[in-house]
Amino acid sequence: MEYTSHMYLNLGFEPDKKVTVGPQPDEIPETTLMTPDEKFAQLGLTLPPAPKPMGVYKPCLIVDRFVYVSGHGPVKNDGSRIIGRIGADMNIDEGKLAAQQVGLTILATLKAKFGTLNKIKRVIKTLGMVNATADFERHPFVINGCSELFVAIWGEDNGVGVRSAVGMGTLPENIPVEIEVMFELAD
């Protein structure tokens, strides 16, 4: 899916430059021979720096065979955050792109913790929170930006878990999306 960057000036893209949102899950060949790291490399996307906690919490925690990832916001490759409220400061497509960036930020945290995405077997649960105006109703569409990224890396069976997508009146520092995820560790 292509967007012109004049829609994304507040996201830090150059004017009139074509912006391609990562491949859709059906555009990526499903193969069990590729590792999650190889599938991510195939996407041609770049991980932002893993964010440091902004309070008293751990970015992720391992309990038994599960990795609980704290709520993450959209960190850009330069370390700054995407900000804005969907329905007021940004449109639905910009919100979906911000959710994809949150997914990349979560992957950056996993890579910082494990050194690889191959330690993750599957997505168990995703909670997506959308900072939107009171009349906005398409929260699941926005959170698909993150979910589609996970499907591209772990496939239909392991990249899709249970999920909630809810609207919020505000989010910290006016970020448009915050997502927390629970993963299962690989054997």
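Students often get this wrong, so check it: of K52/K111; K76/K125; K96/K121, which have C-alpha atoms separated by over 22 Å? Spell out each step's value before the answer.
Values: K52/K111 14 Å; K76/K125 24 Å; K96/K121 25 Å.
Listed pairs above 22 Å: K76/K125; K96/K121.
Multiplying the residue separation of V63 and S164 by 0.36 nm and removing their Cα-Cα distance gives an extension gain of 34.2 nm.
No lab work stands behind these numbers, since they all come straight from the coordinates. Quick caveat, the model's predicted, so the values are computed rather than measured.
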